[in-house]
Amino acid sequence: MFSIRSASLEDLPSILRVENSWPEEARAGTDKFLARLETFPQGVFLACNSESKEDVVATITAMPMQYQADDISHFNNWDQVTGNGYLKPFHLEACNSLYIVSGVIDQRYRGQDIFAPMVLREVALAQQLGLRYILAGAVLPGYAKHCLKKGDCTAHDYCSSRRGRHLLDPLLSLYEALHFRVPDARHVIPEYFPDDASRNYAGLVVRDMHSHPLLN
């Protein structure tokens, strides 16, 4: 049984333990999580397992920012967007969107129903703050494997490929079920995040809260 709650500074040891599920070179350390909790604590949530001694099993972080669909020049890579993971300073009144900075699930709990509730908690926060968009830079974990099996294709073609009703990429498919989409080819960005499985590409997925608000 999982519950989701806001994070606090007292949760740092548990947050860092979950962060160890990332490859070492991609982990955020104490300094980055301190910065996130100091800059925008409202955007940091934890999934907790009431049946486990190690209570925290997943984390998610988001930050406010400005997004315009016709100009994504400031989305060249994850480091640029997030201030190298420390979060960039912002004025909330000048922001129209919430960007999901990171989400990590403890390896032992992957495959369970944690991803969607965590993302939806950030969606709820965006709606609460009156922000129009929520977005994330989604890596493409099936892209390299697909090209090896089927032959090379563009990352954008891969992002729009389907197996039956569902998108071929497993992560994009999870996001699509939550009303996120990759709006166009410009939103498929090379060298966004170092990830061999994605050939370093990511799809900038966007949910428009005007079109898809959370319903009570």
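The values are calculated or read from the model by the stated rules, or taken from the named source; none is laboratory data. What you see is a predicted model, and the numbers here were worked out from it, not measured in a lab. Every residue, glycine as well, gets a Cβ built from its backbone with ideal geometry; the counts of neighbours run over all protein chains shown. Note: areas computed on protein heavy atoms with side chains; ligands, DNA, RNA excluded. Shrake-Rupley method; radii C 1.70, N 1.55, O 1.52, S 1.80 Å.
When region 137-155 is filtered for residues that are out of contact with any Lys or Arg (no Cβ under 9 Å at 6 or more places or on another chain) and open to solvent by less than 80 Å² (accessible area, probe 1.4 Å), the ones remaining, listed by number, are GLY137, ALA138, VAL139, PRO141, GLY142, HIS146, GLY151, CYS153, THR154.
Just give me the residues in region 170-181 being in a loop (DSSP other than H, G, I, E, B) and in contact with a His (Cβ under 8 Å, 6 or more places away or on another chain), in sequence order. Residue satisfying the conditions is HIS179 alone.
Here's the yes/no breakdown for (1) open to solvent by 50 Å² or more (accessible area, probe 1.4 Å); (2) not hydroxyl-bearing (Ser, Thr, Tyr):
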residue	(1), (2)
LEU34	yes, yes
GLN42	yes, yes
ALA47	no, yes
SER50	yes, no
ALA58	no, yes
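Mind telling me which of the residues GLN128, GLN112 ends up being closer than 30 Å to SER50 by Cα, over 13 Å from the mean Cα position of the chain (by Cα) and at pLDDT below 95? Every option except GLN112 fails the conditions. Residues in region 156-173 that are open to solvent by less than 30 Å² (accessible area, probe 1.4 Å) and not aliphatic (A, V, I, L, M): TYR158, CYS159, ASP169, SER173.
Looking at ARG199, ARG121, ARG162, which is the one that is among the charged types (D, E, K, R) and in contact with a strand residue (DSSP E or B) (Cβ under 8 Å, 6 or more places away or on another chain)? That would be ARG121, the only listed residue that is among the charged types (D, E, K, R) and in contact with a strand residue (DSSP E or B) (Cβ under 8 Å, 6 or more places away or on another chain).
For beta carbons closer than 8 Å, sequence separation of 6+ or different chains, a first residue in region 124-146 that is among the polar types (S, T, N, Q) and a second that is crowded, with 19+ Cβ neighbours inside 10 Å and assigned to a loop (DSSP other than H, G, I, E, B), the qualifying pairs are GLN127/MET209. On inspection, TYR192 does not qualify as touching a residue at least 40 places away in the same chain (Cβ under 8 Å) and open to solvent by 40 Å² or more (accessible area, probe 1.4 Å). Pairs are defined by a Cβ separation below 7 Å, a sequence spacing of at least 6 or placement on different chains, a first member in region 35-49 that is among the basic types (Lys, Arg), and a second member that is open to solvent by less than 10 Å² (accessible area, probe 1.4 Å) and in a helix (DSSP H, G or I); no pair meets this definition. Remark: ILE100 matches the filter, which requires a residue to be surrounded by 20 or more Cβ atoms within 10 Å (Cβ to Cβ) and under 14 Å from the mean Cα position of the chain (by Cα).
Say whether the condition of being aromatic (Phe, Trp, Tyr) and at pLDDT below 95 is met by at least one residue in region 92-100. No, region 92-100 contains no residue that is aromatic (Phe, Trp, Tyr) and at pLDDT below 95.
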